[in-house]
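Have a look at the structure below before the remarks.
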Amino acid sequence: MIDCLEFRRRAGAEPFAVDAEVESHRRECAACARHLDELRGTLLKTHVEETFQRVVSRNEQRRSSRRSLPVRRFHYGYPPPQERRAVAERRTAEDRRYH
Ligand SMILES: [Zn+2]
């Protein structure tokens, strides 16, 4: 059986470790249970925020490096809109030739 001091020492050193003595003290001592929950919550929150921030800044880097590349415009179907008229006229000319 460990006391509150030992519980907090172990919890502080390895907050996410699976430890039978820490677990049994946690079940019996509400104050220590709350202390460990808050400690884990704070660490998880910090981890999530740091990960989120890292993803956001990586996406911003990618976006800004992509801006220097030429813009590609995608369209549905062939031919692309700027060539449609030319293709249509060519087809009409061919139709006249074969009919
Ligand atoms: Zn305690």
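Count charges around E38 for me, please; just the other residues with Cβ under 14 Å from its Cβ, Lys/Arg as +1, Asp/Glu as -1. Don't jump to the answer; show the numbers that get you there.
Working: positive: R8, R26, R34, R40, K45; negative: D37.
So the environment of E38 carries a net charge of +4.
Using a simple spin-label model with points 7 Å from Cα along the Cα→Cβ vector, what separation in nm is obtained for V56 and E38?
For the pair V56/E38, the computed spacing is 2.7 nm.
Expressed as a rounded percentage, what relative contact order does region 4-70 have, with Cα pairs under 8 Å and six or more residues apart?
Details: 20 pairs, mean separation 18.0, N = 67.
Result for region 4-70 is 27 percent.
Rounded to the nearest 20 Debye, what is the dipole magnitude of region 4-70 about its Cα centre when Lys and Arg each give +1 and Asp and Glu each give -1 at the C-beta?
Values: 14 positive and 11 negative charges, 139 e Å.
Using only the charged Cβ atoms, the result is roughly 660 debye.
So if I average 1/r over every pair of distinct C-alpha atoms in region 4-70 and take the inverse, what Kirkwood radius in Å does that give? Write down the numbers at each step before the final one.
On the way: mean 1/r = 0.0693 Å⁻¹.
Result for region 4-70 stands at 14.4 Å.
The numbers here are math on the coordinates, done by the rules we state, and not lab data. The model shown is predicted, which means the values in this text are computed figures rather than measured ones. Don't worry about glycine lacking a Cβ; one is built from the backbone with ideal geometry, like all the others, and counts go over all protein chains shown.
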